[in-house]
Amino acid sequence: MLFLVSGMVFIAGCDDDDDNGTTQPPTTEPEPEPDPGEEATRLEPAGPVEEDTTYADIDYNDDGTAEVIRVTDINANGVVPPGDEDNQVTWTSDKTYELNGFVFVNAGETLVIEPGTEIQARLGGGADASALIVAAGGTIEAEGSADSPIVFTSVRDEQEELGRNDRGLWGGVILLGDAPTNNGGQTQIEGVPDNTGSRILYGGDNEDHNVGIFKYVSIRHTGTQLGNGDEIQGLTLGAVGSGSTIEYVESYASDDDGFEWFGGTVNSKYLITAYETDDAFDIDQGFRGSNQFWFAVQGGSEAGRASEMDGAGSPESATPFAESIVSNATYFGMGPDRTADQVSGDANDPFIIHRDNNATSYHNSIFAGGRTDFGIQIEDLDGSEDSANRWDDGELEHQDNLWYNIGPSFSGDTSFEDLIQLTTGDDGSPSGDRGEAFRANLADYLNNNGNLIVTSNPYTDITREGGNGTFQTFTPTLQGDAVQGANEPADFGAKSPGVNDSWTSVTFKGAFGPEAAWNLDAGWAKITQDGTVTLP
């Protein structure tokens with residue numbers, strides 16, 4: 001049965017208290033469950049449902065109210081139902097909401113999502129993908145809680161237990177704004193078809209832009225392939241400003257990046273990305289936010305870099321530079337025992353890479369378990385602006401970080417010279433202005449700024465397959481050099497004043513420690529449910 005709402009949004013389902021953008025329940029008895037032999041499952045067919053022709057399998061409670069509500073963005077008019085004077089809609093925790101294609105929160109609209117609400121996305125790729133997109137000028141108030149998180153997942157989660165390797169089942173979540181980028185104007189966000197029009201534009205000069213609140217949210221099984229070859233990350237932030245609240249967010253099993261920033265000034269705390277097939281954290285186009293408590297864990301067969309940090313597109317000298325700050329991160333790589341023939345993606349690249357004039361700084365962080373011997377690359381080009389220039393000028397910093405178990409050659413004799421990969425030409429020789437001397441100069445800088453290569457595990461327990469292979473689980477209890485030695489980054493929040501612009505004072509290194517308030521014991525993140533993290 002279908003219930004049609006003319007105009008802006010199609011919503012299949014019912015509400016027992018008020019219309020809230022839905023029709024009232026039928027006066028007849030609730031429809032019986034479909035016969036098992038009928039093709040009435042919500043999992044098939046893949047792709048968006050044509051609201052005027054296709055049977056929608058709606059689950060009803062015993063009182064006839066809708067348990068599952070399918071939401072379709074009709075005529076590019078956004079998520080708020082027609083006739084709503086407040087231009088706002090609330091998704092409530094007593095129902096499951098099903099994204100049917102690309103669903104937008106338009107400029108001037110507000111989507112409120114209650115704690116404990118589950119949003120499921122229909123299967124499909126390309127133009128048939130499903131995603132939630134908050135356009136520039138739109139607002140999302142998605143504030144879950146530690147014991148009642150908001151979960152975005154696939155409709156397959158309804159009928160089967162999805163895990164680490166279930167990726168690319170739907171698009172993802174995209175938040176857009178009008179904060180500065182270095183694109184020179186508005187541009188279209190990647191991963192969304194061009195026919196969605198101006199609603200996918202982002203960028204401007206509003207550093208204080210506020211997209212709303214996105215807190216205690218878990219986004220799972222994203223990254224479906226689109227027709228133009230792009231994918232959507234677990235969470236994409238395009239020109240989101242520092243008036244926004246982004247904290248306690250998990251991206252789990254993405255078939256692309258975990259998180260990606262395209263410019264903007266938003267600050268963040270308590271971010272998790274696990275088992276993505278591309279980069280864990282990807283920074284582009286002049287992102288200048290300050291961030292604390294980031295955690296990443298890579299799978300064993302396909303992954304990119306733990307952090308890919310780009311500055312600008314064309315020209316690479318465009319400003320503002322990407323001077324973001326990350327403090328207290330923990331990144332676990334694929335594992336040194338994973339050989340080149342066992343992996344795919346960008347798994348042969350350095351663990352951390354700065355390029356295209358990027359100037360992201362890392363402080364008080366732990367980098368462990370990288371697959372290759374190369375832990376870091378700062379791009380050094382011949383005769384042009386590059387990230388090495390940003391390092392020369394003191395804008396790109398690495399201070400008070402720990403490096404452990406990076407690559408198959410890692411040993412007690414490993415030095416920073418061993419972990420540095422230079423930018424090279426086709427013949428394999430250094431191609432930048434600084435030549436081979438850059439290796440020694442950068443290594444001296446790392447040694448003189450509180451960075452340490454440690455041969456003892458910074459956590460009491462990290463379990464990998466075969467000892468050093470695919471990641472299995474870890475207990476976030478610190479030991480050794482990770483217990484102390486943290487220092488406040490000098491410029492934390494200076495380039496992005498607003499929400500979360502102050503550094504949480506801690507003594508430890510890495511993402512987990514006594515002063516951090518992850519609240520993982522309440523169960524809001526998938527990584528505690530699947531055994532990735534074993535709490536002490």
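Throughout, read-outs are computed from the coordinates displayed, never taken from laboratory work. Note that the coordinates shown come from a computational prediction; the quantities given were computed from them, not determined experimentally. Neighbour counts are summed over all protein chains in view; Cβ atoms, including those assigned to glycine, are modelled from backbone coordinates with ideal geometry.
Please arrange Ser254, Ser218 by how many other C-beta atoms lie within 10 Å of their C-beta, fewest to most. Provide the component values of the computation, followed by the final result.
Working: Ser254 30, Ser218 23.
By the 10 Å Cβ count, ascending: Ser218, Ser254.
Can you give the Rg to Rh ratio of region 312-536, both from alpha-carbon atoms, with Rh computed by the Kirkwood formula? Can you show the working numbers first?
Numbers: Rg = 18.0 Å, Rh = 18.6 Å.
For region 312-536, the value is 0.97.
Per 0.36 nm of contour for each residue apart, how much would the distance between Ala490 and Ser317 grow if the chain were fully extended, relative to their Cα-Cα spacing? Let's see the in-between values first.
Details: separation 173, 0.36 × 173 = 62.28 nm, distance 2.46 nm.
My answer for the length gained is 59.8 nm.
Counting pairwise Cα distances across region 237-353, what percent come out greater than 26 angstrom?
19
Considering the options Val217, Gln159, Ala131, tell which one lies farthest towards the positive end of the dipole of the chain, charges being +1 on Lys and Arg and -1 on Asp and Glu at the Cβ, about the Cα centre.
My answer, from the dipole projection, is Val217.
Under a Cβ-Cβ cut-off of 10 Å, what is the net charge of the residues other than Glu316 that fall near it, where Lys and Arg count +1 and Asp and Glu count -1? Please report the intermediate quantities before stating the final value.
Values: positive: Arg355; negative: Asp310, Asp356, Glu379, Glu385, Asp386.
Once positives and negatives cancel, what remains is -4.
For Kirkwood radius over Cα pairs in Å, the choices are [x] 27.7; [y] 23.7; [z] 25.8; which was calculated from the structure?
[y]
Provide the gained length on full extension for the span Gln529 to Ser145, in nm with one decimal, where the gain is 0.36 nm per separating residue minus the Cα-Cα distance. List each step's numbers first, then the result.
Working: separation 384, 0.36 × 384 = 138.24 nm, distance 1.63 nm.
Full-extension gain reported as 136.6 nm.
What is the local net charge at Gly523, summed over the other residues whose Cβ is closer than 12 Å to its Cβ (Lys, Arg +1; Asp, Glu -1)? Show your work: numbers first, answer last.
Numbers: positive: Lys526; negative: Asp147, Glu250, Asp521, Asp530.
Summing Lys and Arg as +1 and Asp and Glu as -1 gives -3.
Could you work out the local net charge near Phe471, counting Lys and Arg as +1, Asp and Glu as -1, over the other residues with Cβ closer than 14 Å to its Cβ?
Details: positive: Arg164, Arg338, Arg371, Arg464; negative: Glu276, Glu302, Asp337, Asp461, Glu465, Asp530.
For residues surrounding Phe471, the net value is -2.
Applying the Karplus parametrisation 6.51 cos²θ - 1.76 cosθ + 1.60 with θ = phi - 60° to the phi angles of region 181-191, what ³J(HN,Hα) value in whole Hz is obtained for each residue in order, glycine and proline being reported as x?
Per-residue couplings from phi come out as 10, 10, 7, x, x, 6, 8, 8, 6, 6, x Hz.
Select from Gly177, Leu402, Phe351 the residue farthest towards the positive end of the dipole of the chain; place +1 on Cβ of Lys and Arg, -1 on Cβ of Asp and Glu, and compute about the Cα centre.
With unit charges placed on the Cβ atoms, the residue in question is Leu402.
Kindly rank 445-457, 195-207, 164-176, 118-130 from highest to lowest mean number of other beta carbons found within 10 Å of each residue. Can you show the working numbers first?
Numbers: 445-457: 15.8, 195-207: 18.2, 164-176: 25.1, 118-130: 22.1.
In decreasing order of mean packing, 445-457, 195-207, 164-176, 118-130 become 164-176, 118-130, 195-207, 445-457.
If you rank Ile378, Ile74 by fewest surrounding Cβ atoms within 10 Å, what's the result? Don't skip to the end; give the middle numbers.
Details: Ile378 29, Ile74 18.
By the 10 Å Cβ count, ascending: Ile74, Ile378.
Given Cβ point charges of +1 (Lys, Arg) and -1 (Asp, Glu) and nothing else, what value in debye, to the nearest 20, does the dipole of the chain about its Cα centre take? Working shown, then result.
Numbers: 23 positive and 95 negative charges, 304 e Å.
Rounded to the nearest 20 debye, it is 1460 debye.
Is any residue of region 325-359 close enough, with backbone N under 18 Å, to a label point placed 7 angstrom from the Cα of Asn441 along the Cα-Cβ axis, and if so, which?
Answer for region 325-359: 354-359.
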